[in-house]
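**Student:** Please see the structure below; I have some questions.
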Amino acid sequence: MTPPRDVAVVAYARTDHQGPAEGLSEAEALLPVLHDALAQAGLAPGEADFTCSGSSDYLAGRPFSFTLTLDAVGAWPPIAESHVEMDGAWALYEAWVKILTGRADTALVYAHGKPSAGDPRDVLTRTLDPYYVAPLWPEPASLAALQARALADAGHTGEPPGPTPGPPAVTDGAAAVVLAAGDAARRMCARPAWIRGADHRVEPHALGLRDLTDSPSTRLAAERAGAFRAPVDTAELHAPFAAQEAVLRRALRLDDTVTVNPSGDAAADPLMVTGLIRLGEAAARIHRGASDRALAHATSGPCLQHNLVAVLEGDA
Amino acid sequence: MPENLTAPLVVEFPFTRSLGPVQSAFLTGLRERVVLGVRTRDGRVLVPPVEYDPVTADEIRDLVEVATTGTVTTWAWNPSPRPRQPLPRPFAWVLVRLDGADTALLHALDAPGADAVRTGMRVRIRWAARREGAITDIACFEAHDGPAGHRAAPHDGRFPDPVTSLTAPARLEYTYTPGRAQSRYLDGLARREILGERCPSCHKVYVPPRGACPTCGVATTEPAAPGPRGTVTTFCVVNIKAKGLDIDVPYVYAHIALDGADLALHARIGGIPYDRVRMGMRVEPVWTGDGRHPDHYRPTGEPDADYESYRRLL
């Protein structure tokens, strides 16, 4: 399917996150990132036709935590705004669809995460099946280790897995991108990163129903996003745990000619922001002329449960 | 500049979930030491059972009983169990395909060490002594060197006194950080000072400040000192006693526009009978004892403010 409109990522900014945010509120941490992205696109706060954010109340430990970040957006008088209780990659997807339908020409998309407020090892168990799995409180690293073992047993990774990895580093941070359609995009950016396709698919939620050595949802999302129509030169993959990269590489048919994760290791990025960062970094590489066709991937849930794939291209 | 504040925050939420016919039968079965699965139209047996076929989305209700023995399909050693996990000592997380099932169940395996665990090893359920109809009725799995269990056998899923809902208590502990602007504000209140912040773009004064101007979307970094006196813009009479709050009802809760502020804050009104409070009444904050914030606002005795002076802050 060819998208009915040309929509591009025209700006991208992220916090330089190293560890817990230094006592800043989420709105305070977000402000400089929003201003950076908006300035790149030449937009004033509140000027984008649509605003969409991604974050999780469970990480923040308070209900409707995202509403407080709207102070940083210039949301009064009321703007057209939406939020996903997910990684910001899915906020970008919603904004992309909004622009494709012709209801907006520009969109601000942002994500923020302050996992240092709680303990993600406990918090993330609350995203699991509440009947059969959540009462056991299995932390993400253990579930990923089950997958790593399955991969090693199936011969998909070189060596048997070592000890269960510790929890990923807890980093706080935020990221923002600006999307724009057609001529607006060309005005805002010398080399827009055109979104040629994007799709997301989910595996069954019961771990035991899945083949943990494969990611059919990633493959299907990539197919629907048009990823296999032509080779990509770059792939930004969201693999929270190292062994998962092997699953993604196979599902996405990435060979040695593809530069994978030139922006760095996704495991170091803040929860709820990582996927949007993958998309933003792939776009920024196209902006810089370092890539002509890039794939960006985001994931959510245990063991790569839910996967989003987008294909971005620069003009020749 | 004060240090940014932090405070412990505990969130507890006991969700009660209804189970539906398949999950009710499965969890009631565990209470009775029976493991039920569900058979799909193409003959696969799913354990734990789901209500809809994940491939075809068919509603599936064809219950079968499987064995309490099975095979480990993958595992991960857990050297440092978290408090609410199944075992208090190091254990292996396992996916176990019970004999008679085609899919695997997540649980804990009690084992002396990682060396004693391998993919393909045979295990059996160790039942919890006290069972109530929950996945934790399986205490854990343990190694088993007996024969393979039976094939899946039809089961009507009927038990006396079935469990129909599940209460899932959760308790999560956080450290709340209000941020730069609110830390400064709260720190000021503790010194009996009211500190607002001014938007550098539209010049509105926000109190309490949240760090950004919601109209302009910029940081409110200029300090401002509104009040301490202000005007009641609107109010309500509270007739329901709040849990854990030692205030007699009825009392008045009001929006108060401090002098020089462009946003009303809210606080309790004291020092005047509840039915004498009115819009436009002039008030001032009252700190009591070593309180870190005003206990309430009381009338100043000044003439009431003109409606036009606070109309835009209503």
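**Student:** Across segment A:193-313, how large is the tail of the calculated P(r) beyond 17 Å, expressed as a percent of all Cα pairs? Before the final figure, lay out the partial values.
**Tutor:** Details: 3590 of 7260 pairs.
I get 49 percent for the Cα pairs in segment A:193-313 exceeding 17 Å.
**Student:** I want to check the label-to-label distance for B:H203 and A:W76. Put each point 7 Å from Cα in the C-beta direction and report it in nm to one decimal.
**Tutor:** In this crude spin-label approximation the distance works out to 1.9 nm.
**Student:** OK, next. Reported to two decimal places, what Rg/Rh ratio describes segment B:1-142 when computed on Cα atoms with Rh from the Kirkwood expression?
**Tutor:** With Rg and the Kirkwood Rh in hand, the quotient comes to 1.09.
**Student:** Just the number: Rg to Rh for segment B:227-314, Cα atoms, Kirkwood Rh, two decimals.
**Tutor:** Working: Rg = 12.7 Å, Rh = 13.2 Å.
Using Cα coordinates only, the ratio equals 0.96.
**Student:** Let me ask another. Report, by chain and number, residues whose modeled amide H sits under 5 Å from the one on A:E236, excluding near sequence neighbours (fewer than 5 apart, same chain).
**Tutor:** It is A:N261, A:L295, A:A296, A:H297, by chain and number.
**Student:** Okay, moving on. If we count every other residue with Cβ under 9 angstrom of B:E197's Cβ, Lys/Arg +1 and Asp/Glu -1, where does the sum land?
**Tutor:** Taking every other residue near B:E197 into account, the sum is +2.
**Student:** If one computes the Cα centroid of segment A:71-116 and of segment B:242-314, what distance in Å separates the two points?
**Tutor:** That distance is 38 Å.
**Student:** Sum up the charges of everything whose Cβ sits under 13 Å from the Cβ of B:P250, counting Lys and Arg as +1 and Asp and Glu as -1, but leave B:P250 out.
**Tutor:** In short, +1.
**Student:** So, one more: For a bin width of 20 Å, list the pair-distance distribution of the protein assembly as shown built from all Cα-Cα distances, rounded to whole %.
**Tutor:** Going from the shortest bin to the longest, the percentages are 18, 42, 31, 9, 0.
**Student:** Let me ask something else about it. May I ask for the net charge around A:L312, where only other residues with Cβ less than 14 Å from the Cβ of A:L312 are counted and Lys, Arg are +1 while Asp, Glu are -1?
**Tutor:** Residues close to A:L312 contribute a combined charge of -1.
**Student:** Specify the residue with the greatest mean-square fluctuation among B:T40, B:T71, B:T56, computed from a Gaussian network of chain B linking alpha-carbon atoms under 10 Å apart.
**Tutor:** Looking only at B:T40, B:T71, B:T56, the largest GNM fluctuation is found for B:T56.
**Student:** Arrange the peptides B:185-191, A:91-97 so that the one whose residues have, on average, the most other Cβ atoms within 10 Å appears first.
**Tutor:** Packing order, densest peptide first, comes out as A:91-97, B:185-191.
**Student:** In nm, to one decimal, how far is the modelled label at B:I240 from the one at B:A190, with both set 7 Å along Cα→Cβ?
**Tutor:** Modelled inter-label distance: 3.3 nm.
**Student:** Another question, if that's okay. Averaging the inverse of every distinct alpha carbon separation and then flipping it gives the Kirkwood radius. What is it for chain A, in angstrom units? Mind showing how you got there, number by number?
**Tutor:** Values: mean 1/r = 0.0513 Å⁻¹.
19.5 Å is the Kirkwood radius here.
**Student:** Residue-wise, which Karplus ³J(HN,Hα) couplings in Hz belong to segment A:267-279, taking 6.51 cos²θ - 1.76 cosθ + 1.60, θ = phi - 60°, and x for glycine or proline?
**Tutor:** 5, 8, 8, x, 4, 6, 10, 3, x, 5, 4, 4, 5
**Student:** Express in whole angstrom the spacing between the alpha-carbon centres of segment A:211-266 and segment B:120-180.
**Tutor:** So the two Cα centres are separated by 35 Å.
**Student:** Please get the size of the charge dipole for chain B, origin at its Cα centre, with Cβ charges of +1 on Lys and Arg and -1 on Asp and Glu, quoted in debye to the nearest 20. Don't skip to the end; give the middle numbers.
**Tutor:** Working: 38 positive and 37 negative charges, 54 e Å.
About 260 debye.
**Student:** Also: List B:L109, A:L276 from most exposed to least, where exposure is judged by having the fewest other Cβ atoms within 10 Å.
**Tutor:** In increasing order of surrounding Cβ atoms, one gets B:L109, A:L276.
**Student:** From the phi of every residue in segment B:300-314, what ³J(HN,Hα) in whole Hz does the Karplus formula 6.51 cos²θ - 1.76 cosθ + 1.60 yield, where θ is phi - 60° and glycine or proline is x?
**Tutor:** 8, x, 5, x, 4, 6, 5, 3, 4, 6, 10, 4, 6, 9, 5
**Student:** Taking the C-alpha atoms of chain B, how large are the radius of gyration and the largest Cα-Cα span, Dmax, in Å?
**Tutor:** Answer for chain B, Rg first and Dmax second: 31.1, 92 Å.
**Student:** Amide H neighbours of B:L258 under 5 Å, counting only residues 5+ apart in sequence or on other chains, H built in-plane at 1.01 Å?
**Tutor:** When sequence neighbours closer than 5 places are left aside, the close amide H contacts are B:T231, B:L265.
**Student:** Compute the helix-to-body angle for B:20-31: its Cα long axis versus the longest principal axis of chain B, expressed 0 to 90° and rounded to tens.
**Tutor:** Long axis of B:20-31 versus the principal axis of chain B: about 70 degrees.
**Student:** Something else: Taking the Cα centre of the protein assembly as shown as origin and charging only Cβ (+1 Lys, Arg; -1 Asp, Glu), how large is the dipole, in debye to the nearest 20?
**Tutor:** 600
**Student:** Additional query: Which percent, to the nearest 5, of DSSP beta bridges fully inside segment A:193-313 are antiparallel?
**Tutor:** Antiparallel: roughly 75 percent of the beta bridges in segment A:193-313.
**Student:** What is the order of B:T68, B:T177, fewest Cβ neighbours within 10 Å to most?
**Tutor:** The most exposed by this proxy come first: B:T68, B:T177.
**Student:** List the aspartates and glutamates whose alpha-carbon lies under 15 Å from that of B:K204, not counting same-chain residues fewer than 8 positions away?
**Tutor:** Straight-line reach from B:K204, under 15 Å: A:D71, B:E222, B:D259, B:D262.
Rule-based calculations on the coordinates, nothing more; no lab input. Quick caveat: nothing in here was measured; it's all calculated off a predicted structure. All Cβ positions, glycine included, derive from the backbone under ideal geometry; neighbour counts span all protein chains shown.
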